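Below you'll find the structure, written out as structure tokens, and then a few comments.
The values are calculated or read from the model by the stated rules, or taken from the named source; none is laboratory data. In this text the structure is predicted, and so the values were computed from the model without any measurement. Cβ placement follows ideal geometry from the backbone for every residue including glycine, while neighbour counts extend to all protein chains displayed. Areas reflect the complete protein model, heavy atoms only, side chains present, ligands, DNA and RNA absent. Shrake-Rupley method; radii C 1.70, N 1.55, O 1.52, S 1.80 Å.
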There are 4 protein chains.
Amino acid sequence: MGIRVGIVGGTGYTGVELLRLLARHPEVELAAITSRGDAGRPVSDMFPSLRGHVDLAFSDPAQAGLERCDAVFFATPNGIAMQQVPALLDAGVKVIDLAADFRLKDEASWEKWYGMPHACPEVLKGAVYGLPEVNREQVRSAQLVANPGCYPTAVQLGFIPLIEAGVVDRASLIADAKSGVSGAGRKAEVHTLFAEAGDNFKAYGVPGHRHLPEIRQGLAAVAGEEVGLTFVPHLTPLIRGIHATLYARLTKDCDLQALFENRYRGERFVDVLPAGSHPETRSVRASNNCRIAVHRPQGGDTVVVLSVIDNLVKGAAGQAVQNMNLMFGFAESCGLELVPVLP
Amino acid sequence: MGIRVGIVGGTGYTGVELLRLLARHPEVELAAITSRGDAGRPVSDMFPSLRGHVDLAFSDPAQAGLERCDAVFFATPNGIAMQQVPALLDAGVKVIDLAADFRLKDEASWEKWYGMPHACPEVLKGAVYGLPEVNREQVRSAQLVANPGCYPTAVQLGFIPLIEAGVVDRASLIADAKSGVSGAGRKAEVHTLFAEAGDNFKAYGVPGHRHLPEIRQGLAAVAGEEVGLTFVPHLTPLIRGIHATLYARLTKDCDLQALFENRYRGERFVDVLPAGSHPETRSVRASNNCRIAVHRPQGGDTVVVLSVIDNLVKGAAGQAVQNMNLMFGFAESCGLELVPVLP
Amino acid sequence: MGIRVGIVGGTGYTGVELLRLLARHPEVELAAITSRGDAGRPVSDMFPSLRGHVDLAFSDPAQAGLERCDAVFFATPNGIAMQQVPALLDAGVKVIDLAADFRLKDEASWEKWYGMPHACPEVLKGAVYGLPEVNREQVRSAQLVANPGCYPTAVQLGFIPLIEAGVVDRASLIADAKSGVSGAGRKAEVHTLFAEAGDNFKAYGVPGHRHLPEIRQGLAAVAGEEVGLTFVPHLTPLIRGIHATLYARLTKDCDLQALFENRYRGERFVDVLPAGSHPETRSVRASNNCRIAVHRPQGGDTVVVLSVIDNLVKGAAGQAVQNMNLMFGFAESCGLELVPVLP
Amino acid sequence: MGIRVGIVGGTGYTGVELLRLLARHPEVELAAITSRGDAGRPVSDMFPSLRGHVDLAFSDPAQAGLERCDAVFFATPNGIAMQQVPALLDAGVKVIDLAADFRLKDEASWEKWYGMPHACPEVLKGAVYGLPEVNREQVRSAQLVANPGCYPTAVQLGFIPLIEAGVVDRASLIADAKSGVSGAGRKAEVHTLFAEAGDNFKAYGVPGHRHLPEIRQGLAAVAGEEVGLTFVPHLTPLIRGIHATLYARLTKDCDLQALFENRYRGERFVDVLPAGSHPETRSVRASNNCRIAVHRPQGGDTVVVLSVIDNLVKGAAGQAVQNMNLMFGFAESCGLELVPVLP
């Protein structure tokens, strides 16, 4: 019947997306989905899209028997997982946290950006940052995976070939990123109402966004030294999708197209488009793909990388399932052979 | 390797949706996709969403070898299939036409509504109208299936239980239907531009729409007599989705909820929601489901039925695959176990 | 300097729309805008669109000096105005309530539909229902105007010519209405989030919506007897706009086009389109117009009326200003000569 | 009765927006609107939003009597105005071209980027580039104004204070710009269909966009030397609006907020927001404003400027009217006192 899987916090967008993917995963048995506020309510009552696919009701976290699961996903707000993960690890459960609790290695930095003390800093070190295209082997043997943020996934996948090859100035990277509104979650807030976010475009968090230290940490790990990054996120009237437009100053001539193609050859979920392409967010909608194009406008010394993902799939639930597949020795693409939905 | 399948006219929305579904269908080998204008161009070049899933190039219709296919889908504008179908039928190919060429049984009516002479009126009689929830057995043995229109699917599935049970006035039915913009196809036209159809809502075709005679014919077949129907279609700023709001005058008291649940018990793709529900189009997005709710406001004598489908799936490509499954003896839901994409 | 005007509850969509209109109204001096939660905050800080046009800060209701205004608009949730209006009336202030507190004449009906006791039922009788195309003379001399709801405005303007002329069956009217999401207000709620209401379409309130008794009351007043109405509202992914599709059974032959043109001849804000037209919501976007077309499909006995308004203008703030103009003897279109914004 | 104004090419979005603005302009009499394909058709038949505001019919260009107008706007595709402008100039008419025919001073550059020979290169030199915040005095006395492109307006207004003050590296400017779909015009094309551009985000023209030389020319004029610019435009699912996110490397410390406020003090249509702000496109919707914020993230040496306009107003028709006002000695904001439409 497959491994027993639990989901903590099943009422947000990453939760319902996990359900969409796991409901059809051949190696998974959905054992529990928790929601403090909606315990007892059938999942398909809140999400009629799941009628006929998910028969569970939300259960109270305390009675969900998560410690008897093989794997538990946390699709909770930041600060929840770190309260519960140590006990699950002790019980031998493998854990994938889709929130930010274990993404930053540096406790002080985490506490600064997330505005609270960390509940289990001793666990931070052992957590593996779950970007399989970088850390595949560590993920395979991890007991706790910190699933990357949506922006960090799109931005890192776009910069990594350049950083690894040492062909750009690492001190002056720029990431201009645009996200669909589902990235803000399913919380009732004024600024993400249809009549606020629709037919509207804006930047936010320019002075500093929580994904900045995460991206810097990831790129520094690849570079072997600190990197300088300006990161500007924007809200765009899409439901799903992230488009990262990345700028770097070329310091060494090279065949950029070949560099990217070689770096991602064999990667099932990273697709380097032909030279001259402009990836669209909808070309990955509802799928676990990242599509990337690299440009050098007018042959100058600025490299422009365009990187798109679906923030709820490769940017959240899909990458989490990809990590689960690795952790349990399933085929990496198991349950993720999703053809993007277009139009 | 499965049956060999060809698609005529693969560059529109019903074509690319067929590709999305057939690319993952375990019993199908995609043999040919034709496009007069784009012959030789890789399909995934036009639709990057299909990179990694479809390796074919568009082929010229004359050289596609369609007569060697087991099944051929026509995803062409009205008036094309009728030119080519007779030869394919003679060659023993099973054909599913997603356009309107074989939907109306009456030649004169077809010519009136479609404004051209019919190229093979003798074939009309043998074509089976492919609404499996009504004509399942005939579809199983059909060689030519006329795949229903998108509005007609949503409207008929909503009215059928009432008509069959004889509990409403058949002379005064009203169907107020709203469609997403993909229903207008992938033609370059001003009125479906983003800046025209976006943030805008309008009715169209009130004096008469081509789906009116199709719905009337279908309901009359069920009723055993002519029906009176007012049909008002609207364009709404969705990409995918049809919402039909149906009104009928109750002539006999009955348990409407039970009536609907009984009628569709066992139907894999028609889901009767609990009493009091309001189905959303997104609850079926990218899936082959129709979800229906029935209301009797304030206990009066007006029945209100709410019926939603994805116009490109149950309203086109998905229903076509459902018909193919029946024609070839596959499980009816083979390749159609799609979890709706929400949000 | 014009009349002194106060707005109670300036932080919602009807409030900010009143500000947009009144900021350019030549006969108005904006004296106060209240908000309990945002007192002291500059209005243009919350709504940067008003920078350079509105210099006021929100003031605390208790200190706003509303009783010294010539006119006060209530742009508050239901149940607020009725607490404060009697005192203002006593002070000689003219009041326009954009909420529902004074719309229903029958206290019991009001309490049933709004779920609370009415705070000043004695005032109900004197309130004038502010649909100028019906009650223009009463509005001129009113001290308290109940500004109609958005749906009721679109629906009544569409039905009135038919009802007045007595050419349709008054017992079986159907109003299928579609609203943009701004109609739900600027409250933080999940179901109106961009990622919920975007790319989605649904009916709601089919068992009974608060605008039903309001429409019935208005049509009954015109008819001189009760009317039977089925009213189904829908949420459509527009920001602004209502499209009402109305159905009635014709009981007497007549020239429908002439009927409508004659009824609204001379009305500045009701535009009867040429025969065969389909009004779009965007054709009235950001303006105080209602545009109407009347159809009789296939010459049958069903009349179809299409009626569009901008729910925030003719459906709320614009109609309120129109009423104010009448109450103070200004030109009825003063400050309302708005050219719709298209695209 | 005001000056007599003609519009050549009134069927596109810049044309209909000119009509919206000029219909209410107190100093203007609309004399003629031409359209080769729609001559004789009432303007309000094509654009029902203008019913009651514009009574003209489209006229044939040859019979429109444009040479008897005081001012003529060209709202035509590139390459049309240059055919007709010399004769109008000879007749003493003042001309404002909203297309690109007179924007580039260098004939060779124009021919390279626009792919055709220029019909009247001798006129190029005398044309004034109509960005009033830079060239106000020249515009006042111009007979021919080249109205700036939409991207160039947003980008230049954001960079100009930095360039003029000499505080950034002029060799490595980056402009990441996002445009609503109306910027692509009202042509029937597949890529701007609702079902293509909706719920989708993409970059385009990264190898080179026609607005690149225009921006470079404008900034070079301000800088007194060539500038290095990387320009990446994106298509975002808005109807109206441009958001430019600009990056520059700071070479000299300075008070950026004061720099911007001082530069634009007294400018009616450029609004520098308080420090820390993030302008939204909707805050300028349907108005002639540009709103700008300047940031220096984490106190580093990268300056980030956020600049928003409505591409059809300050980016096209509004700026054209602003130029007309200057050319005829009207108040610069005459007819442009538009309160942005929000939501």
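Figures for the structure shown
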quantity	calculated
Longest to shortest principal axis, alpha-carbon extents of chain B, angstrom	60, 43, 38
Number of partner chain Cβ atoms within 10 Å, mean per residue of B:186-193	6
Accessible-area ranking of A:Thr192, D:Thr251, largest first, probe 1.4 Å	D:Thr251, A:Thr192
Residue with peak Gaussian network fluctuation, chain A [Cα springs, cutoff 10 Å], from A:Gln63, A:Gln156, A:Gln138	A:Gln63
Hits among lysines - C-alpha to C-alpha of A:Lys187 under 19 Å, sequence gap 8 or more where chains match	C:Lys187
On Cα atoms only, tilt of A:13-22 relative to the major axis of chain A in degrees	80
Pair D:Ala258, A:Glu122: separation of 7 Å Cα→Cβ label points (nm)	5.4
Teacher prompt: A:Glu164 distances to equivalent labels in other copies, 7 Å Cα→Cβ, nm	4.8, 5.8, 7.5
Chain A: relative contact order as a whole-number percent, Cα under 8 Å and 6+ apart	17
At 7 Å out from Cα toward Cβ: D:Gly299 inter-copy label distances (nm, ascending)	4.4, 7.3, 8.3
Solvent-accessible area buried by D and A, counting both chains, probe 1.4 angstrom, square angstrom	3500
Accessible-area value, B:Arg263, 1.4 Å probe, nucleic acids and ligands omitted, Å²	60
Cβ neighbours within 10 Å from other chains - mean over A:175-185	4
Net dipole in debye of chain D [+1 Lys, Arg Cβ; -1 Asp, Glu Cβ; about Cα centre; nearest 20]	380
Net +/- balance of residues flanking B:Lys112 in space, Cβ distance below 11 Å, scoring K and R +1, D and E -1	-2
Mean ellipticity per residue at 222 nm, deg cm²/dmol - from DSSP H runs of n ≥ 4 across the protein assembly as shown, formula -39500 (n - 2.57)	-8000 deg cm²/dmol
Aspartates and glutamates whose Cα lies under 19 Å from that of A:Lys112, excluding same-chain neighbours fewer than 8 positions away	A:Asp101, A:Glu122, A:Glu214, A:Glu226
Neighbour net charge for B:Val85 - beta-carbon separation under 12 angstrom, K R +1, D E -1	-4
B:Glu226 paired with A:Glu164, simple spin-label distance in nm, labels 7 Å along Cα-to-beta-carbon	7.2
Pairs from A:Lys202/C:Lys314; A:Lys252/D:Lys178; A:Lys314/D:Lys178; A:Lys178/D:Lys202 whose Cα-Cα separation, in the structure shown, is over 18 Å	A:Lys202/C:Lys314; A:Lys252/D:Lys178; A:Lys314/D:Lys178
Simple Cβ-charge dipole of segment C:229-291, Lys/Arg +1 and Asp/Glu -1, about Cα centre, in debye nearest 20	200
Accessible area in the full protein assembly, largest first, 1.4 Å probe, for C:Thr14, C:Thr245	C:Thr14, C:Thr245
Charge dipole of segment A:3-126 about the Cα centre (unit charges at C-beta), most positive-ward option of A:Leu124, A:Ala100, A:Val43	A:Val43
Probe 1.4 Å, all protein chains present, accessible-area order of D:Glu267, B:Glu122, C:Glu133, largest first	B:Glu122, D:Glu267, C:Glu133
Where Rh is the Kirkwood radius over Cα pairs, Rg/Rh for segment B:13-122	1.00
Gaussian network model of chain A, Cα within-10 Å springs - most flexible of A:Arg240, A:Arg210, A:Arg291	A:Arg210
Inter-copy spacing of B:Asp90 label points, which lie 7 Å from Cα along Cα→Cβ, given in nm from shortest upward	6.6, 8.0, 9.4
A:Asp169 accessible area, 1.4 Å probe, all protein chains in place, Å² to nearest 10	40
Share of alpha-carbon pairs per 10 Å distance bin for the protein assembly as shown, given as whole %	2, 9, 16, 21, 22, 18, 10, 3, 0
Charge dipole magnitude, Cβ of K and R +1, D and E -1 - segment C:150-311, Cα centre, debye nearest 20	360
Dipole of segment C:150-311, positive end: most advanced residue of C:Thr192, C:Tyr204, C:Thr251 [Cβ charges, Cα centre]	C:Thr192
Mean-position separation - Cα centroids, segment A:132-166 and segment A:220-285, in angstrom	13
Solvent-accessible surface (1.4 angstrom probe) belonging to B:Glu214, in square angstrom, nearest 10	0
Apportionment of accessible area to carbon and sulfur, the protein assembly as shown, percent (1.4 Å)	48
